[in-house]
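Engineer: Here it is, the structure in full.
The values are calculated or read from the model by the stated rules, or taken from the named source; none is laboratory data. Keep in mind it's a predicted model, so treat the numbers as computed, not measured. Every residue, glycine as well, gets a Cβ built from its backbone with ideal geometry; the counts of neighbours run over all protein chains shown. Heavy atoms of the whole protein, side chains included, go into the accessibility calculation; ligands, DNA and RNA do not. Shrake-Rupley method; radii C 1.70, N 1.55, O 1.52, S 1.80 Å.
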Amino acid sequence: MLSRRHFLRLSSGVVLSTAVTGCALGGRQPALSAARFDHGVASGDPLADGFMLWTRANPVAGAGPVSVAWELAADAAFREVLRDGVAETGPARDYTVKVDVRDLQPGQTYYYRFRADGAESTTGRARTLPAPGARQVRLAVFSCSNYPAGYFYPYREAARRDDLDAFLHLGDYFYEYGAGGYATERSEELGRALPADNDGELYTLTDYRRRYALYRGDADLQAMHAAAPCISVWDDHEFANDAWRGGAQNHGPGEGDWEPRLLAALQAYYEWMPIRPPAGEGSLRIYRSFDFGGLLALHMLDTRLIGRDEQLEYEDYIDEATGRLDRDRFLADLGNPARRLLGDAQREWLAGRLAQSSAPWQLLGQQILMARMLMPAEMLSAPSYADIPPILEELARLKAAAEAGQSLTDAELARLADVTPYNLDAWDGYPVERELLYAAAQAAGKRIVSLAGDTHNAWFATLRDRSGSEVGIELATPSVSSPGMESYFRMDAPTAQQMARALPLLIDELNYCNLHQRGYLLVTATPDELRADWTFVDSVQTPEYSIAGTHTERFTHG
């Protein structure tokens with residue numbers, strides 16, 4: 001937990017606009033500061049009566065306070081200005097500006113902009129959540145955008161749509177690594193190398209702020225934020241790789257105390273993201289819900305920081321004498337009844353939200369795969385990642401033969417039966433609390449739709465509890481630019497496609513996957529149907545791109 005003094009250090013600095021304040025300027029021309037809007041505009045956390053507005057006002061000279069004006073209109077030409085006002089910012093907030101606009105009409109599109117002395121921002125478009133009785137909700141879902149790894153074409157493609165209620169970002173909005181770190185191999189060639197003043201690993205508030213500034217300078221990311229409100233949640237890389245409530249894999253003993261680094265990343269996140277913190281900007285509580293007109297309830301969860309126990313690692317269970325996995329000890333720790341991912345407080349909050357909501361579609365916006373992704377255990381003994389695809393392809397042929405009625409030897413059957421979780425950072429590393437979540441959904445009479453990111457690949461799975469009862473589905477978005485399994489397993493496109501056909505044969509809950517392409521997920525809800533459309537781009541490392549393919553799944557309540 002953060003110390004009390006750290007909670008008290010942070011203040012919101014958010015301007016609140018209501019029907020009472022209205023057009024606060026009243027036609028006046030206020031004294032504004034000379035500033036630029038180099039990082040675009042954004043809206044976020046929409047409600048039926050409002051949303052957050054965001055920008056950053058870069059001072060032209062000096063480092064003192066900055067005053068900018070903001071306007072909200074019913075039309076893109078700003079002929080009918082509905083609200084306006086002045087916002088103050090400064091170095092204490094890294095010159096970011098937030099306005100919480102309330103008392104608006106539900107289901108309406110609005111336009112906004114910011115003004116400084118001699119400069120005007122781009123125009124952003126925001127939409128309030130629909131009133132009860134909504135007949136359609138459409139969301140675009142993103143995860144894992146890595147600036148040095150490639151261009152943000154999925155953002156650009158989704159931003160072209162004018163029919164979205166919101167963008168969802170499920171975390172890894174940026175990466176904390178320095179130059180030469182993960183997925184930076186072609187950054188110089190792509191013109192996306194980290195700048196000299198931010199090319200190390202991130203530790204301090206200045207480090208994290210500069211990394212946000214780098215990413216928010218990207219034209220495609222700016223286009224996404226200007227096109228519709230964004231509902232976001234962090235994953236690990238906004239802090240450090242494989243973070244948990246007491247530290248991170250990428251925070252070693254020689255890197256100082258974890259709490260100052262956590263605090264710095266937390267403050268920068270709340271400054272730079274268009275989020276309305278549910279418990280204030282000094283709190284790690286980010287979980288919150290959104291009601292889309294009684295049609296869709298979106299529950300944004302934190303599976304990363306507030307409740308997560310430290311991840312298990314397979315290497316910690318390898319017997320030094322035999323080189324084999326100590327399965328009994330591993331399973332005992334994995335099944336520890338006290339082991340948590342959400343934490344009791346967050347899980348009980350979610351249970352209450354599920355019970356209270358009458359929406360037919362209950363979506364969980366969270367970071368990691370919830371489905372039971374049990375892979376053949378012999379993967380663990382493969383000499384290298386590159387040796388894993390042939391093993392999986394051979395086992396898939398055996399599984400297909402068995403399903404076709406062919407006889408297998410006892411040894412072959414044993415190979416198929418010997419499975420283990422492939423990702424202990426995901427829900428598979430926390431099976432006890434997964435069952436508790438499933439039980440809460442069943443007690444509320446709700447089927448859940450888990451939205452996930454993190455893996456950089458697209459997945460569709462059927463969620464089942466330990467008894468085999470179906471509790472919902474999972475839809476996982478591919479990454480914006482971070483490399484996927486094709487990179488880890490050294491696969492070319494044909495091999496990746498072959499492996500994508502093999503995995504649903506081997507993993508009981510898995511129905512579909514794409515293992516080698518970047519893109520985004522579109523979710524469309526109506527009273528009768530939920531539709532998932534994955535869109536994939538052909539490359540994020542070429543000067544231009546095209547749509548490489550799509551995949552669609554449809555679901556009904558039955």
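Engineer: So how strong a dipole does the range 25-172 carry about its Cα centre when Lys and Arg Cβ are +1 and Asp and Glu Cβ are -1, to the nearest 20 debye?
Structural biologist: Charge dipole, the range 25-172, about its Cα centre: 160 debye, nearest 20.
Engineer: While we're on this one: Ratio of alpha-carbon Rg to the 2.2 N^0.38 Å globular estimate for the range 3-111, to two decimals, please. Don't jump to the answer; show the numbers that get you there.
Structural biologist: Values: Rg = 14.8 Å, N = 109, 2.2 N^0.38 = 13.1 Å.
Output field value: 1.13.
Engineer: Note down the net charge around residue 357, summing +1 for each Lys or Arg and -1 for each Asp or Glu among other residues with Cβ under 10 Å from its Cβ.
Structural biologist: +1
Engineer: I'd like the accessible area for residue 349, computed on protein heavy atoms only with a 1.4 Å probe and all protein chains in place. Round to 10 Å², please.
Structural biologist: Using a 1.4 Å probe on the heavy atoms, I get roughly 50 Å².
Engineer: Something else: Working with all protein chains in place, sort 407, 482 by solvent-accessible area computed with a 1.4 Å probe, largest first. If you can, show how the numbers build up before the last one.
Structural biologist: Details: 407 115, 482 0 Å².
Listed by decreasing accessible area, they come as 407, 482.
Engineer: Given the range 96-222, what percent of its DSSP beta bridges are antiparallel, to the nearest 5?
Structural biologist: For the range 96-222, the DSSP antiparallel bridge percentage is about 60.
Engineer: Okay, next question. Give the percent of DSSP beta bridges with both residues in the chain that are antiparallel, rounded to the nearest 5.
Structural biologist: Working: 74 of 100 bridges.
So the antiparallel bridges amount to about 75 percent of the total.
Engineer: Still on this structure, I have one more. With point charges of +1 on the Cβ of Lys and Arg and -1 on the Cβ of Asp and Glu, referenced to the Cα centre of the range 304-373, which listed residue (335, 311, 358) lies farthest in the positive direction of the dipole?
Structural biologist: Going by the charge dipole, the pick is 358.
Engineer: In square nanometres and to one decimal, what's the mean projected area of the convex hull around the Cα atoms of the range 321-442?
Structural biologist: 11.0 nm²
Engineer: Would you please report the Å³ per residue occupied by the convex hull of the alpha carbon atoms in the range 34-98? The partial results should precede the final answer.
Structural biologist: Numbers: hull volume 6.4 nm³, N = 65.
Considering the Cα atoms of the range 34-98, their hull volume per residue is 99 Å³.
Engineer: Can you list the HN-Hα couplings for the range 304-309, worked out from phi with the Karplus curve (6.51, -1.76, 1.60; θ = phi - 60°), rounded to whole Hz and with x for Gly and Pro?
Structural biologist: Calculated HN-Hα couplings, in order: 10, 10, 6, x, 6, 6 Hz.
Engineer: If the chain were replaced by its equivalent ellipsoid, with semi-axes equal to the square roots of 5 times the Cα gyration tensor eigenvalues, what would those be, largest first, whole Å?
Structural biologist: Here the semi-axes work out to 41, 26, 23 Å.
Engineer: A further question on this structure: For Cα pairs less than 8 Å apart in space and 6+ apart in sequence, what is the mean separation divided by the residue count of the chain, i.e. the relative contact order in percent?
Structural biologist: Numbers: 1307 pairs, mean separation 79.2, N = 558.
Once normalised by length, the contact order is 14 percent.
Engineer: Please arrange 127, 490 by accessible surface area, largest first, computed with a 1.4 Å probe and ligands excluded.
Structural biologist: Values: 127 75, 490 175 Å².
Correct descending sequence by accessible area is 490, 127.
Engineer: In the range 446-463, whose amide N lies under 19 Å from the spot 7 Å out along Cα-to-Cβ of residue 552? List them in ranges.
Structural biologist: 459-461
Engineer: Could I get the Rg over Rh figure for the range 309-369? Both from C-alpha atoms, Rh via Kirkwood, rounded to two places.
Structural biologist: Ratio of gyration radius to Kirkwood radius: 1.19.
Engineer: Run the helix sum for the chain: -39,500 (n - 2.57) per DSSP H stretch of 4+ residues, divided by residue count, reported at 222 nm to the nearest 500 deg cm²/dmol.
Structural biologist: -7000 deg cm²/dmol
Engineer: Direction-averaged shadow area of the convex hull around the Cα atoms of the range 401-503, nm²?
Structural biologist: 8.9 nm²
Engineer: May I pose another question? Per the Debye formula with a single identical scatterer at each Cα and no solvent contribution, what log10 I(q)/I(0) holds for the range 196-352 at q = 0.12, 0.18 Å⁻¹?
Structural biologist: Here log10 of I(q) over I(0) equals -0.68, -1.20.
Engineer: What full-extension length gain, to one decimal in nm, is calculated for residue 206 and residue 336 as 0.36 nm per residue of separation minus the Cα-Cα distance? Present the calculation step by step, with values, prior to reporting the outcome.
Structural biologist: On the way: separation 130, 0.36 × 130 = 46.80 nm, distance 3.96 nm.
My answer for the length gained is 42.8 nm.
Engineer: May I ask you to compute the full-extension gain from residue 320 to residue 185, defined as 0.36 nm times their residue separation minus their alpha-carbon distance, rounded to one decimal in nm?
Structural biologist: 45.1 nm
Engineer: Something else about it: Please report the net charge: other residues with Cβ closer than 14 Å to the Cβ of residue 545, K and R +1, D and E -1.
Structural biologist: Taking every Cβ under 14 Å from that of residue 545, the sum is -1.
Engineer: In addition: Quick one: how many Å² of residue 102 are accessible to a 1.4 Å probe, rounded to 10?
Structural biologist: Rounded to the nearest 10, the figure is 70 Å².
Engineer: Evaluate E = 1/(1 + (r/R0)^6) for residue 29 and residue 219, where r is the Cβ-Cβ distance and R0 equals 45 Å; express this FRET efficiency to the nearest 0.05.
Structural biologist: The value I calculate is 0.90.
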